[in-house]
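The values are calculated or read from the model by the stated rules, or taken from the named source; none is laboratory data. Please read all numbers here as calculations on a predicted model, not as lab measurements. Cβ placement follows ideal geometry from the backbone for every residue including glycine, while neighbour counts extend to all protein chains displayed.
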Amino acid sequence: MQERLSKIMAQRGLCSRREADRYIERGLVFVDGLRITELGTKISPYAKIELTKEGLARQETQVTILLNKPIGYVSGQPEPGYKPAVALISSSSRWQLDKSTRKFNLGQLKGLEPAGRLDIDSNGLLVLTQDGRIARKIIGEKSEVDKEYLVRVTGILSPDGLKLLNHGLSLDDKKLKPAQVSWLNEDQLKFILHEGKKRQIRRMCELVGLKVVGLKRIRIGKVMLGNLPPGQWRYLRDDEQF
């Protein structure tokens, strides 16, 4: 059964479906040796797909940015009275200790999208990328990338609360994947999650008698927030992978 070329390109990790459409429109995609320029073209799932040299070069110029998002900024679409996190990306807010040799330009803001959410009242590591391959790896349906959080709480944990936080809770009538949750000190927990439902940690804590008063993401996959200051950003290094 044939499927849309853009869908197959995304499934193979060549790019996102949106990027695939842009490549197709520009004539940068060959299928079994034939150039494809028509959006919606369907092909065999076993067909050979190649990008032209220009297409490959475009992929190389795509940037991925790591931002230490402060509280008060939304990770995605702007909300009334609040700014999106991408508004923090400028030459002046780039971390002075960024080791990347890339030069910043305003064109890098085009198509720069968050790979996953971080609530408006949470802070820490947020990934913004032009590269659909990276977005897919972090938030795709088959993603195995975990995320680590430091969570400050108040309240009294129910007797079996820690066990339930690790595995046994449901949100929106759907059982959550196993997590790794442990105490760091008397009022702070460490969460390692393998999924990212909306306000998941806060809602999990409420179910076991706790209230979150501070939430910071410090790691996504193998990439750490480290010493990146709040409100500043750096490029993902070539030697870093999620």
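Among the residues making up segment 145-163, those that are crowded, with 18+ Cβ neighbours inside 10 Å and over 23 Å from the mean Cα position of the chain (by Cα) are V153, G161. Say whether the condition of being within 26 Å of the chain's Cα centre (by Cα) and part of a helix (DSSP H, G or I) is met by at least one residue in segment 42-56. Scanning segment 42-56 turns up at least one residue that is within 26 Å of the chain's Cα centre (by Cα) and part of a helix (DSSP H, G or I).
For N105, the test of being within 18 Å of G226 (Cβ to Cβ) and not assigned by TED's automatic domain parsing to the domain that holds I201 is failed.
Residues are listed down the side, and each one gets a yes or a no for (1) among the basic types (K, R); (2) in the same structural domain as G76 (by TED's automatic domain parsing); (3) in contact with a Lys or Arg (Cβ under 8 Å, 6 or more places away or on another chain):
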position: L162; (1), (2), (3): no, no, no
position: K177; (1), (2), (3): yes, no, no
position: K198; (1), (2), (3): yes, no, yes
position: I201; (1), (2), (3): no, no, no
position: M204; (1), (2), (3): no, no, no
position: L207; (1), (2), (3): no, no, no
position: V213; (1), (2), (3): no, no, yes
position: L228; (1), (2), (3): no, yes, yes
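Applying the criterion of being among the aliphatic types (A, V, I, L, M) and in contact (Cβ under 8 Å) with a residue 24 or more places away in the chain to the residues of segment 34-64, the residue that is surrounded by the fewest Cβ atoms within 10 Å (Cβ to Cβ) is L39.
When L207 is tested against (1) closer than 16 Å to G124 by Cα; (2) out of contact with any Phe, Trp or Tyr (no Cβ under 9 Å at 6 or more places or on another chain), exactly one condition is not met: (1).
Here's the yes/no breakdown for (1) at pLDDT 90 or above; (2) in a loop (DSSP other than H, G, I, E, B); (3) not small (G, A, S):
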| residue | (1), (2), (3) |
| --- | --- |
| L67 | yes, no, yes |
| P80 | no, yes, yes |
| V127 | yes, no, yes |
| S143 | no, yes, no |
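Can you find a residue in segment 164-185 that is hydrophobic (A, V, I, L, M, F, W, C), closer than 30 Å to V63 by Cα and touching a strand residue (DSSP E or B) at 6+ places or on another chain (Cβ under 8 Å)? No, segment 164-185 contains no residue that is hydrophobic (A, V, I, L, M, F, W, C), closer than 30 Å to V63 by Cα and touching a strand residue (DSSP E or B) at 6+ places or on another chain (Cβ under 8 Å).
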